1. What pairs can you find where one residue is in the stretch A:187-198 and among the hydrophobic types (A, V, I, L, M, F, W, C), the other is open to solvent by 100 Å² or more (accessible area, probe 1.4 Å), and their Cβ atoms are less than 9 Å apart, with a gap of 6+ or different chains?
2. Yes or no: residue B:154 buried (at least 16 other Cβ atoms within 10 Å of the Cβ) and either under 23 Å from residue B:117 (Cβ atoms) or touching a helix residue (DSSP H, G or I) at 6+ places or on another chain (Cβ under 8 Å) (or both)?
3. Output yes when any residue across the stretch A:62-69 is of a type in the set (Gly, Ala, Ser), crowded, with 19+ Cβ neighbours inside 10 Å, under 17 Å from the mean Cα position of the chain (by Cα) and more than 8 Å from chain B (Cβ to nearest Cβ), and no when none is.
4. Would you be able to tell me the number of residues in the stretch B:23-58 that are surrounded by fewer than 20 Cβ atoms within 10 Å (Cβ to Cβ) and within 18 Å of the chain's Cα centre (by Cα)?
5. How about the stretch A:114-133: which of its residues are assigned to a loop (DSSP other than H, G, I, E, B) and open to solvent by 20 Å² or more (accessible area, probe 1.4 Å)?
6. Please go through the stretch A:160-200 and give me each residue that is open to solvent by 80 Å² or more (accessible area, probe 1.4 Å), closer than 19 Å to residue A:142 by Cα and in a helix (DSSP H, G or I), ordered by number.
2 protein chains.
Amino acid sequence: MPVDFPESVRELVVQLRKLPGIGPRSAERMAVWMIHQRNGSVAQLSAALTRVDNEVQLCSACGFFVDHGGCAVCSDTGRDVRMLCVVEQPTDVLSIERTGQFKGRYHVLGGRLSPLENVAPEDIRIDGLNERIISDNVEEVILALGSDVEGEATGHYLAEMLGRKSVKVTRLAQGMPAGGGLEHADPLTLMRALNDRRDA
Amino acid sequence: MPVDFPESVRELVVQLRKLPGIGPRSAERMAVWMIHQRNGSVAQLSAALTRVDNEVQLCSACGFFVDHGGCAVCSDTGRDVRMLCVVEQPTDVLSIERTGQFKGRYHVLGGRLSPLENVAPEDIRIDGLNERIISDNVEEVILALGSDVEGEATGHYLAEMLGRKSVKVTRLAQGMPAGGGLEHADPLTLMRALNDRRDA
């Protein structure tokens, strides 16, 4: 048997390979890097992992990430509770926030409808959405979902469901992405941009 | 201020970004992955890190990785102590082992001579090499160093130093790598392959 890494290093490589986007070579390189650290970096990383594992949860109201400090969105009294932006994932909240254009609150579904993956309406946070629209007197629901098949299907489902209530339902515009020439746009994007054209 | 990740998640991203080959996007993706784990994966990774941090050291004799189990090379009584293979890094031991062609022991220098990076002979494990050659009655030292400038310089230094002792000193052959056509070989590799040509 040729010599291999010590057992504790092999175990670390196994754990590192579970991370998204980390293959066998990257995991080995990271493990070797850990061995050579002698300044507390590994202990700091381990402590940061444990803290996230123990402290971070999803806000029971909006579904965004919270730690012991509470929900940064729901606790912000400067936000307009009558505007509610529906997104698929907690990280989508950050994407909208980075635009600086939205000052309302969010509702994270935690997924999207997908018959292929067995995700039905009761599997995502739709009940909570209905409750919040009533309790917060929401006036407009912005559906900020993905523009792929599942995102569109989820949007249609929610638009139909919410259409029965006295709430305005809007969705993100579809069209040409910023900075791209026509030669880079796929036919579906270009078709939607044509159909939704506006006065110049 | 737009909403960002909770503080504990931002701290984890900072720690993950220190890892080799991990940029800001990968670190964020990994941190989000950790948040969504609910099956103990994060605790397992954290424990594996702590174990490597606490247990893994370099063998005081050969310089390879050891944990509580001791050195897998030095404790192997089936190895020929009269053959000593000198490498730059602990991971180089694994590369040689994977060939299955060497049944002696190793001496890891832990670096290579580099005037540019201020690495002098006293900064790498050369003293220990001299002691082992005498105490183990080593008959052949194989210099398995990199074929770049620093590796070659380190090899020349060691060959000259060991030339004064009654020990045979060899180095890895240089030439065409396996599986490559001539069109992929750089001029220096091809020149060395020509100069070291052998009878067919």
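1. Once the first residue is among the hydrophobic types (A, V, I, L, M, F, W, C) and sits in the stretch A:187-198, its partners that are open to solvent by 100 Å² or more (accessible area, probe 1.4 Å) give A:190/A:182.
2. Values: buried (at least 16 other Cβ atoms within 10 Å of the Cβ): yes; either under 23 Å from residue B:117 (Cβ atoms) or touching a helix residue (DSSP H, G or I) at 6+ places or on another chain (Cβ under 8 Å) (or both): yes.
Answer is yes for this residue.
3. Here is the first cut: in the stretch A:62-69, the residues of a type in the set (Gly, Ala, Ser) are A:63, A:69.
Adding the requirement that they be crowded, with 19+ Cβ neighbours inside 10 Å leaves A:63.
From what's left, under 17 Å from the mean Cα position of the chain (by Cα): A:63.
Subsequent filtering for residues that are more than 8 Å from chain B (Cβ to nearest Cβ) retains A:63.
Yes; the residues of the stretch A:62-69 include at least one that is of a type in the set (Gly, Ala, Ser), crowded, with 19+ Cβ neighbours inside 10 Å, under 17 Å from the mean Cα position of the chain (by Cα) and more than 8 Å from chain B (Cβ to nearest Cβ).
4. 2
5. Looking only at the stretch A:114-133, we keep the residues that are assigned to a loop (DSSP other than H, G, I, E, B), and these are A:115-118, A:120, A:124-125.
If the condition is that a residue be assigned to a loop (DSSP other than H, G, I, E, B) and open to solvent by 20 Å² or more (accessible area, probe 1.4 Å), then A:115, A:116, A:117, A:118, A:120, A:125 are the ones that fit.
6. Matches in the stretch A:160-200: A:160 only.
Okay, residues lined up against (1) at the interface with chain A (Cβ under 7 Å from one of its Cβ atoms); (2) part of a loop (DSSP other than H, G, I, E, B); (3) of a type in the set (Lys, Arg):
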{"site": "B:10", "(1), (2), (3)": "no, no, yes"}
{"site": "B:13", "(1), (2), (3)": "no, no, no"}
{"site": "B:21", "(1), (2), (3)": "yes, yes, no"}
{"site": "B:26", "(1), (2), (3)": "yes, no, no"}
{"site": "B:33", "(1), (2), (3)": "yes, no, no"}
{"site": "B:39", "(1), (2), (3)": "no, yes, no"}
{"site": "B:46", "(1), (2), (3)": "yes, no, no"}
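The values are calculated or read from the model by the stated rules, or taken from the named source; none is laboratory data. These numbers were taken from a predicted model, which means no experiment stands behind them. Counting neighbours? That spans all protein chains shown, and the Cβs are built from the backbone with ideal geometry, glycine included. Quick note on the areas: whole protein, heavy atoms, side chains included, nothing else; ligands and nucleic acids left out. Shrake-Rupley method; radii C 1.70, N 1.55, O 1.52, S 1.80 Å.
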